[in-house]
1. So which residues in the stretch 199-249 are among the β-branched types (Val, Ile, Thr), in a strand (DSSP E or B) and open to solvent by less than 40 Å² (accessible area, probe 1.4 Å)?
2. Among residues belonging to the stretch 48-59 that are in contact with a strand residue (DSSP E or B) (Cβ under 7 Å, 6 or more places away or on another chain) and in a loop (DSSP other than H, G, I, E, B), point out the one that is surrounded by the most Cβ atoms within 10 Å (Cβ to Cβ).
3. Test each condition in (1) closer than 27 Å to PHE155 by Cα; (2) among the acidic types (Asp, Glu); (3) open to solvent by less than 20 Å² (accessible area, probe 1.4 Å); (4) in a helix (DSSP H, G or I) for GLU196 and report the one that comes out false.
4. Just checking, which of THR263, THR258, THR217 is more than 30 Å from GLN180 (Cα to Cα), of a type in the set (Ser, Thr, Tyr), modelled with pLDDT of 95 or more and touching a helix residue (DSSP H, G or I) at 6+ places or on another chain (Cβ under 9 Å)?
5. Kindly indicate the residue of the stretch 12-33 that is among the small types (Gly, Ala, Ser) and in contact with a helix residue (DSSP H, G or I) (Cβ under 6 Å, 6 or more places away or on another chain) and also surrounded by the most Cβ atoms within 10 Å (Cβ to Cβ) among those meeting that condition.
6. At positive phi, touching a helix residue (DSSP H, G or I) at 6+ places or on another chain (Cβ under 9 Å) and modelled with pLDDT of 95 or more: which single residue out of GLY9, GLY67 fits that description?
7. Here are LEU252, LEU246: which of them is of a type in the set (A, V, I, L, M, F, W, C) and closer than 15 Å to PRO123 by Cβ?
8. Mind counting the residues in the stretch 80-96 that are within 19 Å of MET126 (Cα to Cα) and in contact with an Asp or Glu (Cβ under 9 Å, 6 or more places away or on another chain)?
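The values are calculated or read from the model by the stated rules, or taken from the named source; none is laboratory data. This structure is a prediction, so every number in the text was calculated from the model and none was measured. Glycine gets a Cβ as well: all are built from the backbone with ideal geometry, and neighbour counts include every protein chain shown. SASA here: full protein model, heavy atoms, side chains in, ligands and nucleic acids out. Shrake-Rupley method; radii C 1.70, N 1.55, O 1.52, S 1.80 Å.
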Amino acid sequence: MPFVTVSDGTEIFYKDWGSGRPVMFHHGWPLSSDDWDAQLLFLVQRGYRVIAHDRRGHGRSAQVGDGHDMDHYAADAAAVVAQLGLRDVVHVGHSTGGGEVARYVARHGAGRVAKAVLIGAVPPLMVQSESNPGGLPIEAFDDFREAVATNRSQFYLDLASGPFYGFNRPGADISQGVIQNWWRQGMTGSAQAHYEGIKAFSETDFTDDLRAIDVPTLIMHGDDDQIVPIANSAETAVTLVKNARLKVYAGLSHGMCTVNADTVNSDLLDFIES
């Protein structure tokens, strides 16, 4: 299996399919690179080289006891890029992965990044504070931590069955396969990594990272995203990135890359080729 060993000895699993221009994907919490299957297959069939890694403590990467913070996540991604010798890369991040992309591009991407895509992404800052009054209260993330610590398995089923994909909305087309696949990915990872990762995705301030991004950037967000509300994320982020545009998807959920893959894939391809 393909792994990159990063500076602290952690082994990071990655997929590397196809040839051509590279597109690298950064997954959300608490999932793995498998969450990008619909995008990886779509692009590899159209002549692109697609790369996706499992964040430390997630999926098939090593379940290490430390480094579950955004600086390590971005550095790990940089190690994958370096080992594979990638340049002129389009980086695509969903949710927590969008934060990872912002920090990677800002701190490690000089001369290697062509474009960036943030989908349902957490930047600039999720948690409520004096400087971020529109954020979610810390108690919401404390509830996440409590659920991970006490009954992670049921919590993951509940998230996937409800707000993540909008399956709690009237008339939703519910897929048990999608729910079970989300649960499978989550339970493959480390409980510690997932617990500590909540702080990473909710309390990291990406404002300066967004301001440092100087490549064309597409921000994609569903206006019925119940996990990362659009008003305090995408609608703010687009004002901070120099060369960004926001595309809002009416009625779509946080999990639109899976349940609305045709729509996402088409727009992603258009942006990559633009």
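1. Filtering the stretch 199-249 down to residues among the β-branched types (Val, Ile, Thr) leaves 204, 207, 213, 215, 217, 219, 227-228, 230, 236, 238-239, 241, 248.
Subsequent filtering for residues that are in a strand (DSSP E or B) retains 217, 219, 248.
Correct list: THR217, ILE219.
2. In this case the residue turns out to be ARG56.
3. That leaves (3) as the condition not met.
4. THR217
5. Among them, the one singled out is GLY28.
6. None of the others qualify; the one that does is GLY67.
7. Just one listed residue meets the conditions, LEU246.
8. Residues meeting the conditions: 2.
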